[in-house]
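Worksheet: the structure to be examined is printed underneath.
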Amino acid sequence: MRDRVYVCHTFYHVYVACLKEFYIADGGKATLVLSKMSNNFGKMVERAKESPIFDAVYEYDEKEDTFFPELAELKKDSGNIVLNMIKRIKFCKEFGRLQEKYIPIDFKEYKDIYVFCDSDPIGYYLNYKKIPYHAVEDGLDCIRYYDTARYDNRGHFKIKAWMASKGLIHIQNGYGRYCIDMEVNNISVLPYPCDKYVELPRKTLTDRLNNSEKELMLKLFVDDVEGIKKKVEGNDKTLLVLSEPLCDLDTRVRIFKDIICEYGTIDNTKATVIIKQHPRDLLNYRENFPEAIVLDGSFPMEMLNFIENISFDRLVSVYTVVDSLSFVEDKIYLGDDFMDKYEAPEIHRQNEAITD
């Protein structure tokens, strides 16, 4: 059998997969599977194939349920909880079956399978095939702010969780029968318990990194390290803004203009604004913010930790958790109260809607 495989949907997922490989360091080899469903990995695919971190790299043409018209009827509300659950049982099995032709590898060949975001179709496939796997949190402490398993299944959650534990339906983040465990950064901050949560702090993974490992990750993710340094060095005061795919494009422009207006002056000095674009944020920041320096979304922000002599005076994030970033002292996390000004609170206050 082969040793390990990581199924990744974002640059951050690949970053954590690298950290885990360096941490495990057992001499085994790992396969990297990159889903094309929600992220364009671009040039990183070829760099990953050349990198010694992974033994093999495959792209995965993962398909959402809307790709299969035959599933639409199974998603319609019948107005009856029993009939709805019967439909859901059928949906989960059929969705997993339909996904099979797009799977690029034989998962049964691997001793350990690590899946980031098993709410995506890959989770349904592994459940359908009865293949055990390890789930890994989608983003740093993401369940703390948005417990997707409980939110998506609010109302009779315990019944649904029991059905998932028997393999009848699929629920993500540690509730499925074939999910061995659910790896998170910090169990203590999670509002709801799950028996399968296991804690592996990201700080444990990053603190042990050596310079060689950091260099390997920079080569994997970043096209032009010197270009980034030239953009951000030599400025008096600097404000780093982390973009996110929030709301519609017009509202998004307003959000980030308001952030720059509110936080763009540091010690009575107008700061140079640097915008780190989110990989899934398609807003043209260079056009809408011509005075700002824009760092593209083709690498995870954590790479800035590894570039020597880079620092910022202030960082502002709406929802991205910034605890792992060491290149800035003044970190401002805005969160739900800030977003209430731009959209209906129920859109982003998901955890508050969980009742069971």
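The values are calculated or read from the model by the stated rules, or taken from the named source; none is laboratory data. Please read these numbers as outputs of a predicted model, since none were measured by experiment. Positions of Cβ are backbone-derived with ideal geometry, glycine not excepted, and every protein chain shown enters the neighbour counts.
Listed values, structure above:
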quantity	calculated
Qualifying positions in region 58-74 - part of a helix (DSSP H, G or I), exposed (fewer than 13 other Cβ atoms within 10 Å of the Cβ) and not hydroxyl-bearing (Ser, Thr, Tyr)	Pro69, Glu70, Glu73
Any pair with Cβ under 9 angstrom, 6 or more apart, that starts in region 282-305 at a residue that is acidic (Asp, Glu) and ends at one that is assigned to a loop (DSSP other than H, G, I, E, B)	Asp296/Asp223; Asp296/Gln277; Asp296/Pro279; Glu302/Ser324; Glu302/Leu325
Selection within region 230-251 - among the charged types (D, E, K, R), over 21 Å from the mean Cα position of the chain (by Cα) and not in a helix (DSSP H, G or I)	Glu233, Asp236, Lys237
Residue satisfying condition, being among the hydroxyl-bearing types (Ser, Thr, Tyr) and touching a His at 6+ places or on another chain (Cβ under 8 Å), within set Ser243, Ser298, Ser311	Ser243
Condition met for Leu218 (in the same structural domain as Glu46 (by TED's automatic domain parsing) and either within 20 Å of the chain's Cα centre (by Cα) or closer than 23 Å to Glu137 by Cα (or both))	no
Restricting region 1-57 to residues that are under 17 Å from Pro104 (Cβ atoms), under 15 Å from the mean Cα position of the chain (by Cα) and of a type in the set (Phe, Trp, Tyr), the residue that is surrounded by the most Cβ atoms within 10 Å (Cβ to Cβ)	Tyr6
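For (1) closer than 23 Å to Asn39 by Cβ; (2) surrounded by 19 or more Cβ atoms within 10 Å (Cβ to Cβ); (3) assigned by TED's automatic domain parsing to the domain that holds Thr320, each residue gets a yes or a no:
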| residue | (1), (2), (3) |
| --- | --- |
| Pro121 | yes, yes, no |
| Lys130 | no, no, no |
| Asp141 | yes, no, no |
| Ala149 | yes, yes, no |
| Asp152 | yes, no, no |
| Ile180 | no, no, no |
| Asn186 | no, no, no |
